[in-house]
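The values are calculated or read from the model by the stated rules, or taken from the named source; none is laboratory data. Everything quoted here is computed from the prediction, not taken from an experiment. Cβ: placed from backbone, ideal geometry, glycine included. Neighbour counts: every protein chain shown. We work out accessible area using only protein heavy atoms, side chains counted, and drop any ligands, DNA or RNA first. Shrake-Rupley method; radii C 1.70, N 1.55, O 1.52, S 1.80 Å.
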Amino acid sequence: MTAETDHERQISLTAPNPMVHEPARRGGSIVLVLLIAAAIIAAAVGFMTLGRTQAQPYILGLLALLAMVGLFTLFAFAAGIVRFADRSNDDPIMRSVTDHAFDGIAVTDVRGHVVYANVAYLALTGAANVQEARPVERVFIGNPDVSEAVFRLLKASREGKRQQEEVRVAAADGSSHGRWLRMRVRPLGTSKREAKSTVWTVADITRDRERQEDVFQELQHAIEYLDHAPCGFFSVNPKGELVYVNATLANWLDHDLAEIGSGGLKLTDIVSGDGASLLTSIVPVPGEVKTEVFDIDLRMRNGKTMPVRLYHKLAFGADGVPGASRTLVISRARDERSDPQRAAEVRFMRFFDHTPMAIATVDRGGTVVRGNARFAKLAQSLSASGAVNKSILSAVSERDRSLLISAIGHAAEGQGDIPPVEALLEGAKERWGQFFVTAVEEDERETEAAIVYMLETTERRTLENQINQSQKMDMVGQLAGGIAHDFNNVLSAIMMANDFLLNAHKPTVPSFQDIMQIKQNATRAATLVRQLLAFSRRQTLRPQVLHLGDALSDLTMLLRRLIGEKVKLDLVHGRDLWPVKVDVSQFEQVIVNLAVNARDAMADGGTLTVRTVNVSAQEAERLSYKGMPPSDYVRIDVSDTGTGIPADIVEKIFEPFFSTKEVGKGTGLGLSTVYGIVKQTGGFIYVDSEAGKGTSFRIFLPRHHQELEVAPDPAVVAAAAKEAAAEAKPRADLTGQGTILLVEDEEGLRSLNARGLRSRGYTVVEASNGIEALEVLEEQDGKVDLVVSDVVMPEMDGPTLLKEMRARNPDLKIIFVSGYAEEAFEKSLPENEQFAFLAKPFALSALIAKVKETMTPPS
């Protein structure tokens, strides 16, 4: 019994194979051509010997014979009886390869007629020769299993395309042992003539399909065995995506297998805590295969955890890039219940891997022997190359590395109570860590010299620095506010005395100009005091709803004059800016101060850019600016292309009296004023600067919601309107009558104010503090029309005095005068308490006008 050859298997598709006869091939002969040529030449020579007259009939007869032969040849060629042979295609080797190929090959013309068929194709179709061969569509006509595929092939052949189909042909006896055929079709060639012909190929692929089905069945069995094995198995790619999970592990974790392999599940979804970092912490070695054992917790769908041991196998390519893992998972949940020793091991593993502290054991040289999950995660964040997984010294910057080396050396010698090491961590960003080093048992020091515990302290240090900076700014602010308050008292006395001198001297008096010089310098000093109050956030603001685009446009001309011709001003307005509520004059002061600083930083010219944009709460949260809660803001960026601010002084720029300018060219209050105004408005300011490249100040002002604003009392609005109208009209008569109780702890200022009020016709009684003022009020038997009181006084302050006086006389009118902002003490008063306010320092005319306005009854 002999094995069936592939050729025999291919020609056994139909009934018993007929004897195949290859069509006879006719070859030409050069000898015959030479003989015919020689005969014609001989006849021509013979005719020449006969003479012209005698040879003429013979010549005409020969020509007639040749013409008749040529004519019949043309008719035979037109009828297809005679053909010209293409000698270029008459290659015996190629002809033999095609004729005896294992696959059936046929060529059809444009009409679908078979013009060539090899032996295998003739056997498939049951034809004895080419003339009897049928095209493919006729061979399988009426077979429903093949007809659709043949139709697609036939359509492709007409369109000049390539097509392939695999079909199953049922056996002739109706049994289940059918055959699989692969049929292909393509144009014969690329030329116009060849494209009209089509090449058909038919191959028997039954044996190949059987092999494929066998392999598929074996693979199915293997997958079934793996799926239902008593242990889990998964594969994870370098992106952290699970590409395969067996059914056992999916059942343990209560996950649907359909989610896996489609990008729906990642390693971090099934690994608890930082355990996923352990699996990616293997140091790559090009061309090697590594297997590591990890004890971690897997997380189920319901959030519960189960302890497992992983055998994690990873193959690295020649470039060091890892492929997909092969990871065996063994559940240790039973160990917790059955074996006390293993249960203790599982509990330690959980403690070791889930502690928030990075732990690693190292040898004398700092090489990492093993580490927990938190250490693996920290190592990945510090070095993508895995250097920290090799040596813990790579985690520390070179500046502080010697401190950690010394601590590990002490531990290797068995010393205890090693002080913790605070070190700067390696990396592009500034990060800090605290290392605690302890020794191990003496018999283990050959491989493990020390245990290193590490806590990252970046956030703690940042918070400490912020608190320290905030406390320092608050302390400086309190100092500045206190100084400003005391200066205001002195300035008020100077300005009041100066007003008396101005009233007593005519402009023609020689000393009048000196008096005016005193007034101008006092006014300048008052401006500096206001800047100190702005920094300490104790100035009085008059906020109003404002659209920043309009406000900045109004400032354009002023800014251009301030920055000069060398600096280009570029205003970029954001679209549909939200409204904000700010004091217009103070906001303008902020922009002006920043513009002047930018100008000074661009001595050789540059560009000053003022840009506005809305920042939503989501965007503010992504920005992660320290101290700024997520909310809707309008951001104003003031950027220059100047010299920038050195990194060592950036944190000092908002401090009062800090200046890098030459003596006499700045007060050091410009940026501190900006800081105070922005903070008092409820906003935030940050600076980004790089030496030599420029500086950007970013101001965030909270969005004002008009619908949340409480509608003002109509009576208050009417009173304010009358007040504004009254202020618009100059009052010639500032004299008046009535009794005024003047309360001021500064004796010199009190006497000047009393003198000024008496000069306008008022009766003034004085008191140096709140308690004395109450006694004077009792002595006057309540016959006091107005109280003018300081706010900050010994023994009893202004707000307490107001409460006591209103308890005796609810309708008593009062004016508070203070160097602090009105809001600074307004919060300590009962709600809806009415009072007037006058900010120090003030001129005599301002005091008289305020008194007249307060005492005049509303009309």
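Calculate, for Arg575 and Asn503, the FRET efficiency according to 1/(1 + (r/R0)^6) with r their C-beta to C-beta distance and R0 45 Å; round to the nearest 0.05.
0.20
Kindly rank 184-193, 130-139 from highest to lowest mean number of other beta carbons found within 10 Å of each residue.
130-139, 184-193
Cα-Cα over 23 Å: which of Lys783/Lys852; Lys783/Lys803; Lys519/Lys840; Lys390/Lys429; Lys239/Lys304; Lys313/Lys390? It would help to have the intermediate numbers written out before the result.
Working: Lys783/Lys852 18 Å; Lys783/Lys803 18 Å; Lys519/Lys840 15 Å; Lys390/Lys429 21 Å; Lys239/Lys304 25 Å; Lys313/Lys390 19 Å.
Correct reply: Lys239/Lys304.
Would you grab the residues whose amide H sits under 5 Å from the one on Val764? Only those 5+ places off in sequence or on another chain, please, with H modelled 1.01 Å from N.
Residues meeting the amide H criterion: Ile740.
Give the ranking of Tyr225, Tyr675 by solvent-accessible surface, highest area first, calculated with a 1.4 Å probe.
Largest accessible area first, the list is Tyr225, Tyr675.
Just add up the charged neighbours of Ser624: K/R +1, D/E -1, any other residue whose Cβ is under 14 Å from the Cβ of Ser624.
Its environment carries a net charge of 0.
Between Arg561 and Thr355, what FRET efficiency follows from the Cβ-Cβ distance if R0 is 51 Å, with the result rounded to 0.05?
Details: r = 64 Å, r/R0 = 1.25.
Between Arg561 and Thr355 the formula returns 0.20.
What shape does segment 560-611 take by its C-alpha gyration tensor, where a ≥ b ≥ c are the square roots of the eigenvalues and a/c under 1.5 counts as rounded, a/b above b/c as prolate, and the rest as oblate?
Oblate, since a/c reaches 1.5 and b/c is not below a/b.
With a 10 Å radius around each residue's Cβ, average the other Cβ atoms per peptide and rank 631-638, 605-612, highest first.
Peptide ranking by packing, descending: 631-638, 605-612.
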